[in-house]
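Reading through the structure tokens given below for one structure.
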Amino acid sequence: MEITEQIEKFYEFFELSYKNPLHEAIAKGEKHLTVNFSDLGKFNLELAQELIENPEDTIKAGEIAIERFDFQNAKEFRLRFRNLPKTQQYAVRNIRSNHLNKFVQIMGIIRQKSDVRPQVTSAKFECPSCGATMNVLQLDTKFREPTKCGCGRKGKFRLLSKEMIDAQKIVLEEAPEDLDGGEQPKRIDVFLKGDLVSPMSEKRTNPGSKNIITGVLKEVPIIARDGGKLTRFDLMIEANYIEPLAEDFTELNITPEEIKDIQELSEDPKLFRKLINSIAPSIYGHEKVKEALILQLFGGVRKVKDDGSINRGDIHVLLIGDPGSGKSQMLKRISVVAPKSRFVSGKGASAAGLTATVVKDEFLRGYALEAGALVLTNRGICCIDELDKMTKEDTSAMHEALEQQTISINKANISATLRAETTVLAAANPKFGRFDPYEMIPKQIELPSTLINRFDLIFPIRDIPDKGKDAKTAEFILQLHQKASGGSAEIDTSMLKKYIAYAKQHINPQLTDAALEEIKEYYVKMRATGEEEGTFKAVPISARQLEALIRLSEASARMRLSLKVTKPDAKRAIELVHFCLTQIGVDPETGKIDIDRIATGISASQRSTISLIKEIIHELETQIGKQIPVDDIVMKAKDKGLDEEKTEEILDRLRKAGDIFSPKSGFISRL
């Protein structure tokens, strides 16, 4: 097909199908028009074929056709193509030399990204002898000057001007889910220029984001040490269009028709039930947990105060349960429903992989930051399975991300604070794999109390035999297996995604006085129920739970697309928090709720007995001297109503804490 014919065909095509998008793009001041390849294929198959075989000239013809529309600013207008046919979609490992200079589409994760730097596209030179101007196109990596002029002069030409364009290089790596078994993911360099490096598209190409890249495959000469070229060449893709795959909720495009459906759904009286049934339709029961997960997806409102302090809006949830109770399945399902998410498993995650790490940069010959899972899911949700299998050093890296929602890194010559406004949903097993019915739940959670304290809701998922429930569960699971397509959700996943995204984009509810009063009443009432244990008062609920109540009630209002947090929202939040506290925070000795059971692992009743033993040791020290027989302490404690086992346990605890030591068997001394 001749170039002039191509221009005519493109002009017809834009006139027919893309006149409105073209007007919109020009009106918004954009510098490019994105065309769906299948539209071009339907319009003219020959032209589409020409685009694949000879992309550079064909795209140029399309850009000339746009210039013929006589728009303002149409001069520097670029044409971008997406959605290439299956035959042109390749995995990085399958790209070969016969694909050179063809139009290809690849998908992968961006691993590294260089800074944006200007690049010369063409330069004008003047001949000092005859005054002629020469235009030299800069296509190679080296800057070229004209060799001779028409008047016979060779060399020493004057540079008049040069045209610059913004350029950037990224490294694309195959996505792990596209690999078979133990293959090493392959990488390819991608070259971006012009409006592909504008600040808006810069966001989309952050390391860790998954993209589909359409472009022309080019060869790059490898320069040998002596300055010559090698017979081997490197491959590179000159990008034409980048389409991000993992968008966060702010980038999801929602059409006016979908907004109408969303608003209709929000007025449904059975909305809450429908949402709960859609969250994990293939898991039976666990209503309260599903309720918490729905509220977690909507999240509370992030507030930035005038003094710069930030109150997070993300609700963190921890599920601790017996094996086979469907925890991992729930996590997997949430990672599908959430607009932007990652799934991480305990043993396979390290502190660097969760937060960020400093790596040697291949391009800029320095150090570069590589973001970890919590940073990559900024404004999304990070599902961490097997939290108890992670080492203590690795879990401590999460503290800052959970509360302050930033990640600070100070290594090599890099000092950076990365944003990690991430919601965390974690799952763990109890200490001995399964809950011991005779032991208190908090004692069986082998996680640092400082970490547990940062979760708003903690659910123990018990697997206790119960004839009626077991029959229903078995029937549900067996039916799922009988019907391969079973477990369908009432609201389909894409609609659920859009609904959540719309709510997070547009709805920022505020507390009404009625809701405020309801939460305050519950908080004050709970604080008053704390029983005094000797000199120590049990703390049933702390300010952290109060903040959790606010976040949950905001999420409940957001779920209904309401701008006001009402009394029923507050009640729903109180119900959830109270359910968690009664499951985990009850002190078995007093039967009262004591938040310290979870937060510090030592309840108020224990604390009072510890102080009692300390008093006894102090008393005996004044009577006997430094070395105190353990039997004497046990006798004294018995008089005060403490049995021997309890006393031994507390002495053991004090030994571990380093308050006392044993100089010889059967004796203790204070440090």
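The values are calculated or read from the model by the stated rules, or taken from the named source; none is laboratory data. Remember, it's a predicted structure, so these values are computed and weren't measured experimentally. Note that each Cβ is placed from the backbone with ideal geometry, even for glycine, and that neighbours are counted across all protein chains shown.
Summary of values
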| item | result |
| --- | --- |
| Test result for Lys498, surrounded by fewer than 17 Cβ atoms within 10 Å (Cβ to Cβ), among the basic types (Lys, Arg) and either within 34 Å of the chain's Cα centre (by Cα) or at pLDDT 90 or above (or both) | no |
| Answer from Leu576, Leu561 - the residue that is modelled with pLDDT of 85 or more and at positive phi | Leu561 |
| Filtered residues of the range 189-211 (kept if touching a Gly at 6+ places or on another chain (Cβ under 9 Å) and either within 22 Å of Thr357 (Cβ to Cβ) or at pLDDT below 80 (or both)) | Gly208, Lys210, Asn211 |
| Test: residue in the range 218-240 that is at pLDDT below 85 and within 29 Å of Ser335 (Cβ to Cβ) | no |
| Which numbered condition Met134 misses (of (1) modelled with pLDDT under 85; (2) among the aliphatic types (A, V, I, L, M); (3) touching a Pro at 6+ places or on another chain (Cβ under 6 Å)) | (1) |
| Members of the range 545-586 that are more than 20 Å from Glu287 (Cα to Cα), of a type in the set (Lys, Arg) and in a helix (DSSP H, G or I) | Lys567 |
| Ile477 being of a type in the set (Val, Ile, Thr) and either without any contact (Cβ under 8 Å) to a residue 60 or more places away in the chain or touching an Asp or Glu at 6+ places or on another chain (Cβ under 9 Å) (or both) | no |
| Ser350 being assigned by TED's automatic domain parsing to the domain that holds Ala428, surrounded by 21 or more Cβ atoms within 10 Å (Cβ to Cβ), modelled with pLDDT of 80 or more and of a type in the set (Ser, Thr, Tyr) | no |
| Enumerated helices (runs of 4 or more DSSP H) restricted to the range 1-57, each holding at least 1 residues that are modelled with pLDDT under 85 and surrounded by 18 or more Cβ atoms within 10 Å (Cβ to Cβ) | 19-27 |
| Check on Lys656, closer than 27 Å to Glu446 by Cβ, at pLDDT 80 or above, touching a helix residue (DSSP H, G or I) at 6+ places or on another chain (Cβ under 8 Å) and in a helix (DSSP H, G or I) | no |
| Residues of the range 271-311 classified as assigned to a loop (DSSP other than H, G, I, E, B) and either surrounded by fewer than 21 Cβ atoms within 10 Å (Cβ to Cβ) or among the polar types (S, T, N, Q) (or both), total | 12 |
| Subset of the range 447-470 (residues that are closer than 21 Å to Thr423 by Cα and either assigned to a helix (DSSP H, G or I) or among the polar types (S, T, N, Q) (or both)) | Ser449, Thr450, Leu451, Ile452, Asn453 |
| Cβ pairs under 7 Å, 6+ apart, first in the range 109-130 and hydroxyl-bearing (Ser, Thr, Tyr), second part of a strand (DSSP E or B) and crowded, with 17+ Cβ neighbours inside 10 Å | Ser114/Gln168; Ser114/Lys169; Ser122/Val136 |
| Arg597 vs. criteria of a type in the set (Lys, Arg) and modelled with pLDDT under 80 | yes |
| Selected residue (only one of Asp166, Asp189 is under 34 Å from the mean Cα position of the chain (by Cα) and under 30 Å from Ala132 (Cα atoms)) | Asp166 |
| The range 138-197, residues that are within 30 Å of Ala368 (Cα to Cα), among the small types (Gly, Ala, Ser) and without any contact (Cβ under 8 Å) to a residue 40 or more places away in the chain | Gly181, Gly182 |
| Any hit, the range 517-526, residues being modelled with pLDDT of 85 or more, aromatic (Phe, Trp, Tyr), buried (at least 19 other Cβ atoms within 10 Å of the Cβ) and within 20 Å of Gly380 (Cβ to Cβ) | no |
